[in-house]
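The values are calculated or read from the model by the stated rules, or taken from the named source; none is laboratory data. As the structure is a prediction and not an experimental result, all values here were calculated from the model. Cβ atoms come from the backbone with ideal geometry, glycine included; neighbour counts cover every protein chain shown.
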Amino acid sequence: MDSDKIQYEEALATSVTQIGLKVRTSNSLESAGIRTIGHLLKSPRSKLMMLPNFGEKSLVECLAALRKAGFKVIVREKPKKPPKKIKATLVNLKYVKGLPKSTVNALAKADIKIVDDVIDTPISELIAILDSGQYVSLCNIIKKNLGVSVVAAKNL
């Protein structure tokens, strides 16, 4: 192998923690199994945007770090936001920003994993799983982040 190819392969094997990313961004990547520059370069933008604690700022940060590390990065995909009302209801609850992990875990134990499941589950069952404050918070967070209304009982 020539030295350029060896250097390139070594660069691809470099950890994402070593390219100057913020701790939150590198932790988000690593928790999704994206541990090297090679993995990062192969990851589609749509997959990255679905990671917890990873948004447009994190994406821009990654692109800048890759360019600084000497990689030419060409963005081919347009950012995708889930359409409101229809497909937004298929979003996994663990990717809804601001939704506490304890709420997501409690719902997951009852096999409620996507927004559609929340909408289809009777309020009485949701209240049996969550306390009233968690339920109202869940409704507000889904409405704020996805524009999807979940019926919230006001006097619980």
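Please verify whether region 10-19 includes one or more residues that are surrounded by fewer than 18 Cβ atoms within 10 Å (Cβ to Cβ), closer than 25 Å to Leu93 by Cβ and out of contact with any strand residue (DSSP E or B) (no Cβ under 9 Å at 6 or more places or on another chain). Checked region 10-19: no residue is surrounded by fewer than 18 Cβ atoms within 10 Å (Cβ to Cβ), closer than 25 Å to Leu93 by Cβ and out of contact with any strand residue (DSSP E or B) (no Cβ under 9 Å at 6 or more places or on another chain). Restricting the first member to region 120-143 and to residues that are in the same structural domain as Ala106 (by TED's automatic domain parsing), and the second to residues that are part of a helix (DSSP H, G or I) and loosely packed, with under 13 Cβ neighbours inside 10 Å, the beta-carbon pairs closer than 9 Å and six or more apart or on different chains are Ile129/Lys109; Gln134/Ser102.
Note on region 36-61: residues that are modelled with pLDDT of 85 or more and among the basic types (Lys, Arg) total 2. Being assigned by TED's automatic domain parsing to the domain that holds Gly33, modelled with pLDDT of 85 or more and surrounded by 11 or more Cβ atoms within 10 Å (Cβ to Cβ) holds for only one residue in Ala108, Ala64, and it is Ala64.
Where helices (runs of 4 or more DSSP H) fall wholly inside region 1-78, the ranges with 3 or more residues that are without any contact (Cβ under 8 Å) to a residue 24 or more places away in the chain are 3-12, 23-31, 56-68.
Residues checked against (1) assigned to a helix (DSSP H, G or I); (2) out of contact with any Cys (no Cβ under 9 Å at 6 or more places or on another chain); (3) of a type in the set (D, E, K, R):
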residue	(1), (2), (3)
Val104	yes, yes, no
Ala108	yes, yes, no
Asp116	yes, yes, yes
Ala128	yes, yes, no
Gln134	yes, yes, no
Asn140	yes, yes, no
Ser149	no, no, no
